[in-house]
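First comes the structure, then the notes that go with it.
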Amino acid sequence: MVKLNEKVVAKYFNACSQPQSSYALKHLVDGGQLTPERRFRQAVIELNVSQTNLREAQHKRAELRIDLAEAEDEARSNNKLTTFDRQRLDLKIAKMKSDLTILDRGLGGAEREMNIHLNMLQQFQDEMGFTEETTEEEVYARMEQAERDHYTLKLALDVAANFVAARGGPPQGVTLAMQQLPEEDVSRIMKIVQAAIPQMMENKYTDALHSPEGVQALERIGETLQMAAKESADKNPPTSPMRSIK
């Protein structure tokens with residue numbers, strides 16, 4: 001087994017320091033809302049939170065740098081420190097340097113996440129037709145008027161999802177979550193489901209859970225099964241008109 005050195009670990013920390021992935025933010029957080037107004041509102045809220053957290057962390061880092069500079073200056077200039085006091089001061093300096101490294105790492109990810117929210121807000125602003133000339137009162141009024149559509153749609157989808165689950169479909173939460181994904185990702189999910197169910201029913205080893213290539217392999221199996229099912233349906237069309245209704 002190859003041992004990881006500090007530089008490699010730091011590289012991984014920095015690469016994975018964004019609190020939430022860009023995909024999740026785009027499709028399940030900001031973009032996961034049901035209506036354009038809700039997507040816009042969520043992007044505003046998330047941007048506000050991420051900006052606030054980022055500024056607080058930047059302020060904390062600035063203060064910590066000042067404290068570190070003072071401690072290092074004391075360590076250099078104070079010749080009257082006892083051995084224990086110097087050891088204590090050295091530990092304090094080491095701790096502050098460690099805290100700064102952790103803060104810097106987190107700030108990089110937090111800034112990337114904030115920029116995602118900012119880009120999403122720009123996209124939703126265009127979707128809403130808002131411009132620099134749109135007043136705060138107009139934005140507020142649009143948000144308020146849209147709440148009726150939001151709750152009407154949400155409750156209708158909740159009821160529909162319950163019906164689907166009751167007939168043997170996926171759970172309500174899964175059904176609604178999938179509706180927020182791009183069409184091609186929903187298609188991928190259904191292919192993987194079609195391939196995974198037989199394997200899991202027989203408690204077979206499922207490669208997708210254990211190898212990077214497994215997901216693509218399972219997807220290909222599902223696509224083959226879907227094509228076979230379609231060919232079978234084409235050769236044996238339903239005899240009852242009612243059965244042909246999808």
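See the values below:
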quantity	calculated
Which listed residue, of 81, 91, 68, is modelled with pLDDT of 85 or more, over 30 Å from residue 124 (Cβ atoms) and not in a helix (DSSP H, G or I)	81
Residue identified as in the same structural domain as residue 125 (by TED's automatic domain parsing), assigned to a helix (DSSP H, G or I) and either under 13 Å from residue 117 (Cβ atoms) or aliphatic (A, V, I, L, M) (or both) among 14, 48	48
Checklist (1) out of contact with any Ser or Thr (no Cβ under 7 Å at 6 or more places or on another chain); (2) at pLDDT below 85 applied to residue 156, failing item	(2)
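A quick yes/no check of all residues on (1) closer than 29 Å to residue 33 by Cα; (2) among the aliphatic types (A, V, I, L, M); (3) touching a residue at least 24 places away in the same chain (Cβ under 8 Å):
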site: 153; (1), (2), (3): yes, yes, yes
site: 174; (1), (2), (3): yes, yes, no
site: 200; (1), (2), (3): no, yes, no
site: 203; (1), (2), (3): no, no, no
site: 214; (1), (2), (3): no, no, no
site: 223; (1), (2), (3): no, no, yes
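The values are calculated or read from the model by the stated rules, or taken from the named source; none is laboratory data. Predicted model only: the values in this text are computed from it and were never measured. As a convention, Cβ positions derive from the backbone with ideal geometry for all residues, glycine included, and neighbour counts pool all protein chains shown.
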